[in-house]
Every structure is written in structure tokens, then in C-alpha cells.
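K.L.:
Would you mind keeping the following structure in view while I ask a few things?
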Amino acid sequence: MQTNQEMLGTFIDKAGLVSAKVSRVKTLEEAFVYTAALCDTKEMCPLLVSGCELNLSEPSMQLCREKTGKIIAAPGLDKEQFASLRALCEDKGMELIEDGLRRHLGGLDIGFTVCDLGIAETGTLVLNSSSEEVRLATMVCETHVAVLPESKLRATSYDAEPEILEFMSSIPNYLSFITGASRTADIERVLALGVHGPLELHILLWEDK
Amino acid sequence: MQDATTLTEYKNQCQEALDDEFLRKAMDAFAKAYRTNRVNAFAGINEKALIAEIAAAKDGAISHLPELYEEFRVKAELAGVHVHLAKTAAEANEIICQIAKDNGCRKIVKSKSMTAEETLLNHRLEADGLEVTETDLGEWIIQLRHEGPSHMVMPAIHLSRYQVADLFTDVTKKQQDSDIEKLVKVARRELRAKYIEADMGISGANFAVVETGAIGLVTNEGNARLVTTLPRVHVALCGVDKLTPTLHDALRIIKALPRNATGQAITSYVTWITGANACATGPEGKKEYHIVFLDNGRLAMAQDPDFRQILRCVRCGACANVCPVYRLVGGHRMGHIYIGAIGLLLTYFFHGRDKAKNLVQNCINCGACKEACVAGIDLPRLIKKVHARIQDEDGHALPSVLLGKVMSNRKLFHTLLKTAKWGQKPIKDGSTGYIRHLPMIFGKEQDFRALPVVADKAFRDEWPEIRPNVDNPSYRVALFSGCVQDFVYPEQMKAGVRVMDGHGVEMEYPMGQSCCGLPLVMMGESGPARDVAEQNVKAIDPAKFDYIITLCASCASHLKHTYPRMLADDPQLAGMASVFAEKVIDFSSFVYDVLGVDKNDFREEGGQGKTAYHSPCHLCRGLGVTEAPRQLLRQSGLNYAPSAEEDVCCGFGGTFSMKFPQESRELLHKKLDNVKASGAVELVTDCPGCVMQLRGGTDVRKDGLRVRHIAEALADRKK
Ligand code: SF4
Ligand code: SF4
């Protein structure tokens, strides 16, 4: 058996190997501050989302024009949490939404979620995505900021299995294992990130115990 | 997509692939990178144990597919899923078209599904006027080019960035840069628009988990998440072989599949969908969700005691990644729709004998695929079995029948070989022991290596004179020479005898022995192959010997692994064959592991120059012997210099090199180039077939390399 400390170390190593950016936060509030600050830095939330600067077909150009400001989506937070993140965003002139994501398919800057489990051996996040908004927030965004409570970290997928089965037993269910950003090597086997989903994955390990 | 109608046409297509410089470069780079990535990915994992567990679990499921289907159906229907079972590919396509019609769908986005490739689903959908867009980047690229995949995991591996840039220029009607990062972003934006418009999403499924009624999807791009989320209708097309009782089964496969596919510990996304989930645009805010299970021969295959293991396949693509033939000709020639070793098999079962008959011959039987297969499928053997089956169904080619007839009659075969020695007189090059001018029947394409002549005196005829007398032997062994060493290279046998001499080994050469029968298997002649097996098992009574030694790696592996299986149908022979097989040992293992030969046996002064080693396929993979020959080289004072890809096939493959000379030649050149790069002046190996190929090749190329059997090299160094 791994100690918690070892497990944490493994998780950080493995997530790093798939180019996730891992940091630790003491409180959820700290994660909110991190997220708002991330979006505030210009490069992270540019007006044009990635790809829109390139030579696209007319309909795709049109879709690019739909995004007009900096947007963060954070579905699945409780009222208080949402309000607290919203305050930070509004301060900086960014929009925070939690639903209606289908109106923002042209692009989102950040999708913010709190994950349900982590699997250390592969640096994997387990996210209950039964809510369509959660799925969209984590796929349409340019950057996914995922908070993982350290108490939810498991050593292996087998160790997480009973809890995974628990999620699946509440029907319907849509469960995602996420390990690093969306990637492809389909052109000349050269690795490229962000082919469909996020170009970057930031993991905030939340020292919740 | 391979669809040549004749072998000649197929060979021409292979030649075109060999001439495609980009393809060759891409494939080489991939093969090399993959080897390293795979090793790294499995570091710290008990790979063999994991494979065995996967195979056992899969076998368990394969025995109960109809029950598993029923159980899954009930579970999934309770969760609001419509479950279908299609008997054939056409039926599956029909069901999906009907779903589209019933729901008024017009635009479809798809995530990768080999099963949909299998049924040619896109053609059918498009015939109904539906617009289909593949969203996996590689699949999208080949869809736009109207091509089939050239790899199961990386379908566009045969294309360059420039070709993709040109293609995207056409699609966007804007000039595109060939920068890969930019091309990927263009695809991101262009495909985003497609998801938004689509009213139906089609995915495959890597797992259908019975205990939960969930499907599992393994992807890197994440396109499957969008495909299964945005459109209001979702159809998952899934082979019935993907049914698995528990989530644990699936988690176990996930430990191996991405590692074996791309060297990743896990893919970026694994998606589990249980029941009809929320969907804002669906009826009552729910997804209209269908799972179409495809039989297409799988349920019948599950009943076949031998071929059923094919259903263990998890579609990782590794059997292509490591295949030396795939590396040469690429996926469009090494498969019809499914690619690589598994592709050769599945083509026969899913797409018919006509599509498979040429393909299955293009396997050199090197065993690389079997070793890499994460489901433990005995791919090379099954490929030969399908080849034999096609011959049985289609009629055997005349040369193949003749070979079978001749070889299963030992006396006739040996008389012919001995007569050949007179027949070759006019074409023999007196000084070199090579055939000077190849007789017409070989044709020009065989001239990449010189072929040896039949020896003046066969080993069997020399044996009575050279047999050492041993008092108080510690070991009683039978020598099995195989035809090449008996009739072409008797000096290798003699050298082997000399190496063993003085170690208390009483040797016998049972005269009733014949060809081991592997060439017959390679030709798809399973009847005669069995006959010679029976003759050999009867000729060499295993009860009389401690070991049956052979200096030919191919014979050794064939005697050991194939005989018991071939003779299993006869209760009396079966027992003998398994004792026989147990006693078979290769020369190097016997000399090093059993006799314990070490440096004391050899002269002290060192050898001249460096010696490279070629590890025969049937020794390193067939018998798992890797250390003994290398240790012997070191002990004997030969200056062993490792070279790159020592365990990659030399391109001989017996009759393969006659049938596919252009591929044989390429493999040979790769091998010799690697040896040259090591700076070696001598190349040593453990198999007379490899010697024939390598020596003949180096003679034509004038590499100045001396090629010998390890027995000769050792005998030379003996005190
Ligand atoms: S045995 Fe060798 S040549 Fe044949 S399919 Fe397997 S890897 Fe390819
Ligand atoms: S046969 Fe084995 S190696 Fe080939 S794709 Fe299937 S599981 Fe992978």
C-alpha cells in the first residue's frame, strides 16, 4: 500500500507526464482566485479562441465570431461557491456561467469543475459528467481547470472501482476519465494538444483534509 | 483497402508501396519508435501475467456471448436504451439508417469505430442522403480522401503533412500551411461546426459492461465525448465480442490497451455511458440512445474451438506495429479493412475468402505479432490455418500440391534432392558453392541473394563415418537435421557434432527422419504437414533419448510447438508427440545450458574483428531463447558486437522469400545494413535458413561479411 504522500507524488508525476499543470491549493476559494487570475492574463483568455486566427472556411469563421468576451463556465458549484467565483470574475470583466452552454459552442475560455475521484497510477481525473453542462464545459473550453480534493485520490483504477460502480449505478450516468489535455498524433505521429477538447489541463489538488 | 484479385496484382500493389518513399520512411520511424515506447510503457508491469489475465477473462466471456447479450439488453433497456442485435453488416447498417429516418436526422458526426468500417456504414448512410462527418482527425482525413484506414489506431499514418495541408486547402477553400499544429487547429474549428449542426452521433464501443449496462469508449482526442453529447440521437455500434461481464474486466484491458497501442499509460479520455443521459435538444431533455450489437459471424466464431481466440482482440493495433511486413508495405496492403496480423484473419471471416486469399500469404511467420499481442492470440499459427483453409476451399495451387506430395514421401523427396546435385552441375559456380545462374523457374526477382547448391554428400550419408564413439555417456541424444542441413549445409551439422564431442554426449542420427514439415505449413498444405510430423515422431523414438537436438531454429520451434497440436487427433500419436516435443532442444541451449560449455572449451587467443548476431525469429520468439547463443559467442572469445534490431526477421521465411522476393529482399537489406553499421566482419546465427538468406545476400552485395552458423563459429574456436 502506498502512503497518501506517495500516492500524491505519483499522481503529480503521472499527470505531469501528460502535460497537465498541477498545483496545490488549500481552499476552494484559492482555486477560484487561481482560475480568475488565469483568465485575466491575456494569452490565456484571448478574444479569439485558438484556431480562429487561421484560414478557416466561411461557416467556421462565422462560428468564431460568436465569442465576444472572456467566458468561464463553472457548472455544478453550489450557490455560494458560484457567487464567490462570480464576484472574482466580474471584478475583471469576465463572464461566469453555469448553464446554457449550448449557446457558447463557438468557444469558452475556461471550464471549471470539481472532480469526483483521482487515480494516482495514471494521473487520471474521474468526473461525473451526467450533467450535459459539465460535459460541454470540459470539452468546449480552451483550458480545463479541475479541482481534485486530495481525499478523493485513489492509488489505482482497481482501488477506485467500487466508487466508480457506485456512480454507474445511479442511472443514467455519464462518467469521464480525463488524463491530460485532448491530444492527437494523427498527422505524421506528431503530438498536438487540443484537437477537440481543451488545449490545457490545470489540476488543482485541494488539501481538503 | 486491399482488394487485388490475383496474387500477381497483389504483389504489384505491394511493390508500389515499397516504392513509396514517404511511406517507407514513416513506417520505419514508427516501427523504431514504437519498440522503445512499448518497452517503456510496460516498465514495472508484469506484462505476461496481465496478458494471461486478459486472455482468460476474454475466453470466459466468449463462451457466454448470447447470455451476456441478453443480460446487457435487459439492463440497458431499463435505463432507457434501445438495444438491437444485427446478424450481418448489412442488417446493422439498415438498422442505423432506420433510426436516422425515424428521428428525422440529416447530419451525422461519427467518432472512430472499426466496426463501422467493417460494415462500410458510411457508404450506406450516404446512399440515404445523410451527411456523415468523421471527427477523429485521422479518420476525417481519410474520409475526405475517400480512403480506408492504414492503421487501426492511426488511420492516416501513410500521409504527410503536405498532403493534409493540400486536403485542408480544398476543404476550407483557403490556403493552408503545412505546420502540423496549425493543421490540427484548423481541424478543431472546422469540426466544431460539424458537431453543432449534427442531429445524430455515431460511436463505436470498446466495452459493453454487462454488470452496469454501460459502454466504454477509449479515445485520445475527446471527439467521442462531443459525438455522444451534442446531437440529440446517439447510436453506438458494437461487436458482440465487446460484451464483458464486469467493469473490472474493462479496467484490466485499459491497463494494457493504450500501452500496447501507443505506449501511453492511459488515453486522454475514457468515457462511460450508462443509460439515456440528459440532452437539452433530445425528446423530453433526454438522449435518444441506441446500441446496435453486431454479430457478423462472431457468434459462430465463438463456437470454434480454435478460432474463437480471435474474439479476444481489443484492437490495439500492436500486431501491425511490430510486423516487419506491415512496416514494408503499410496498412493498405497489409489488410482489407482491419489491418496487421489480426487484419489478415478478420478479413477472411468478415469480408470473405476472395479478399483474404492473397493477404494471408503475406505473412513471413516471424512471430513478432504474437509476442506483442495484448490478448495472447496465436496470430501466426491462425494465419497459416486460414491460409490452409482457403486452399482447401479454393483448390490448392499446383506447385503447392506437388510439394506436398513429394515431401510427404521421404524416399522420393531425398532421391530428388540427391539427383538435384547432378542436375545443378551446369549451373554451379565451381569455386563458391553457389548456383551461378538461377534456373529460369526462379526468375529475375530472386537474384537479390545467391542460392547455395546441394552438397556433394548429404549429412545422413556421412554420419556412419563421423559418428563419435562415446563410452559411459552422460546424455543420449538424437540429432534432427532438417532438410537444409542434411542436404545443403551438412558442414553445420558436422560442426555441431564437433562442439558437443568430448562432453559425454552419445549421438544418434535416426535415418527415418525427414523434413520437419514447416515449409508445408507455410504453403498451406496441412495434410502433408501432418504426415511428415507422424513420420518423424515414429522415426525418432523419444523414449530412447534424453534430448532431440536440432541446429535449425525453425525446425526446433515447429517440432516443439506444432507437432503435439497436429497429432492431437490420434490418441496414440498424441502421447508420443508430446514426449517428443518435450525433448526437443535447440543447439545453443543444449550446449550452453545443459552441457555448460564455457571459455575453458575454447582457445585462449581472441577472435579477429567483431562478430554480430542475428537472432532467428523461431529461436528468440518461437522458443524464447535469447541468452544462450550470445553467451556462447562471448565465452568462445568471439568479439560479440550487438547490432540494431537483432531480433527482427531476416526476410527468409522459407517459401515466403520465393513468393514475395521483393519484400524478402528489403528485409534482408535492412538486416545487413544494421550489421554493417555495427562494424562487424562476421555474422553468426542459429538457423540454416537464415544463413542461406544472409550469406546469399551478403555475397550479392559484396559486403565482405562472413556468415556462419553458430556451430561453425564455435567449432572453429574449440581447443
Ligand atoms: S508472423 Fe510476422 S509477418 Fe506474420 S503477421 Fe505476424 S508479425 Fe507479420
Ligand atoms: S490481435 Fe492482439 S495485437 Fe492485434 S489488435 Fe488485437 S489485441 Fe492488439
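K.L.:
Can you confirm whether region B:67-79 contains a residue that is of a type in the set (Lys, Arg) and within 14 Å of another protein chain (Cβ to nearest Cβ)?
P.N.:
Checked against the condition, which is being of a type in the set (Lys, Arg) and within 14 Å of another protein chain (Cβ to nearest Cβ), region B:67-79 yields at least one hit.
K.L.:
Would you pick out the residues in region A:161-184 that are part of a loop (DSSP other than H, G, I, E, B) and either crowded, with 22+ Cβ neighbours inside 10 Å or facing another protein chain (nearest Cβ under 7 Å) (or both)?
P.N.:
The answer is A:ILE171, A:PRO172, A:THR179, A:GLY180, A:ALA181, A:SER182.
K.L.:
Give the residues of region A:129-160 that are within 11 Å of chain B (Cβ to nearest Cβ) and over 26 Å from A:ILE72 (Cα atoms), sorted by residue number.
P.N.:
Hits for region A:129-160 are A:THR156, A:SER157, A:TYR158, A:ASP159, A:ALA160.
K.L.:
Could you grab me the full set of residues in region B:322-381 that are part of a helix (DSSP H, G or I), small (Gly, Ala, Ser) and within 12 Å of ligand 1 (Cβ to nearest atom)?
P.N.:
If the condition is that a residue be part of a helix (DSSP H, G or I), small (Gly, Ala, Ser) and within 12 Å of ligand 1 (Cβ to nearest atom), then B:ALA341, B:GLY343, B:ALA368, B:ALA372 are the ones that fit.
K.L.:
Now a separate question. In region B:156-178, which residue that is more than 9 Å from chain A (Cβ to nearest Cβ) and not in a helix (DSSP H, G or I) is nearest to A:MET61 (Cα to Cα)?
P.N.:
Applying the filter and picking the extreme gives B:SER178.
K.L.:
Starting from region B:359-382, keep only residues that are of a type in the set (Asp, Glu), then list their pairs with residues that are within 11 Å of ligand 2 (Cβ to nearest atom) and at pLDDT 95 or above whose Cβ atoms are within a distance under 8 Å, requiring at least 6 positions of separation or different chains.
P.N.:
Pairs that qualify, where the first residue is of a type in the set (Asp, Glu) and the partner is within 11 Å of ligand 2 (Cβ to nearest atom) and at pLDDT 95 or above, are B:GLU371/B:VAL322; B:ASP378/B:GLN309; B:ASP378/B:LYS370.
K.L.:
Identify all residues within region B:322-339 that are touching a His at 6+ places or on another chain (Cβ under 8 Å) and at positive phi; write none if there are none.
P.N.:
Answer for region B:322-339, where residues must be touching a His at 6+ places or on another chain (Cβ under 8 Å) and at positive phi: just B:GLY330.
K.L.:
Could you please tell me which pairs satisfy a Cβ distance under 7 Å, a separation of 6+ or placement on different chains, a first residue in region B:318-347 that is closer than 12 Å to B:PRO155 by Cα and within 14 Å of chain A (Cβ to nearest Cβ), and a second residue that is polar (S, T, N, Q) and more than 8 Å from ligand 2 (Cβ to nearest atom)?
P.N.:
B:GLY330/B:SER150; B:GLY331/B:SER150
K.L.:
Which residues, taken from region B:632-678, are of a type in the set (S, T, N, Q) and assigned to a loop (DSSP other than H, G, I, E, B)? Spell out how you get there, then give the answer.
P.N.:
First pass over region B:632-678, keeping only residues of a type in the set (S, T, N, Q): B:635-636, B:639, B:643, B:655, B:657, B:662, B:664, B:674, B:678.
Hits for region B:632-678 are B:SER636, B:SER643, B:SER678.
K.L.:
Continuing with this model, one more query. Is it the case, given these coordinates, that B:GLY285 is at positive phi, surrounded by fewer than 22 Cβ atoms within 10 Å (Cβ to Cβ) and within 14 Å of chain A (Cβ to nearest Cβ)?
P.N.:
Details: at positive phi: yes; surrounded by fewer than 22 Cβ atoms within 10 Å (Cβ to Cβ): yes; within 14 Å of chain A (Cβ to nearest Cβ): yes.
When the stated conditions are applied, B:GLY285 passes them.
K.L.:
Are any residues in region B:127-142 surrounded by fewer than 19 Cβ atoms within 10 Å (Cβ to Cβ) and either of a type in the set (D, E, K, R) or in a helix (DSSP H, G or I) (or both), and if so, which ones?
P.N.:
Result: B:ALA127, B:ASP128, B:GLU131.
K.L.:
Moving to a separate point now. Kindly check whether there is at least one residue in region B:179-194 that is β-branched (Val, Ile, Thr), more than 9 Å from chain A (Cβ to nearest Cβ) and either surrounded by 21 or more Cβ atoms within 10 Å (Cβ to Cβ) or assigned to a strand (DSSP E or B) (or both). Explain how you work it out, then say what you get.
P.N.:
Applying the first criterion (β-branched (Val, Ile, Thr)) to region B:179-194 yields B:180, B:184, B:186.
Cutting the leftovers down to more than 9 Å from chain A (Cβ to nearest Cβ) gives us none.
Within region B:179-194, none of the residues are β-branched (Val, Ile, Thr), more than 9 Å from chain A (Cβ to nearest Cβ) and either surrounded by 21 or more Cβ atoms within 10 Å (Cβ to Cβ) or assigned to a strand (DSSP E or B) (or both).
K.L.:
Can I ask one more? Looking at B:LEU65, B:LEU144, which is the one that is in contact with a strand residue (DSSP E or B) (Cβ under 8 Å, 6 or more places away or on another chain) and not hydroxyl-bearing (Ser, Thr, Tyr)?
P.N.:
B:LEU65
K.L.:
Does any residue of region B:253-263 turn out to be in contact with a Pro (Cβ under 8 Å, 6 or more places away or on another chain) and assigned to a loop (DSSP other than H, G, I, E, B)? I'd like the intermediate steps shown before the answer.
P.N.:
Our first condition is that a residue be in contact with a Pro (Cβ under 8 Å, 6 or more places away or on another chain); within region B:253-263, this holds for none.
Scanning region B:253-263 turns up no residue that is in contact with a Pro (Cβ under 8 Å, 6 or more places away or on another chain) and assigned to a loop (DSSP other than H, G, I, E, B).
The values are calculated or read from the model by the stated rules, or taken from the named source; none is laboratory data. As the structure is a prediction and not an experimental result, all values here were calculated from the model. Every residue, glycine among them, receives a Cβ derived from its backbone with ideal geometry; neighbour counts consider all protein chains shown.
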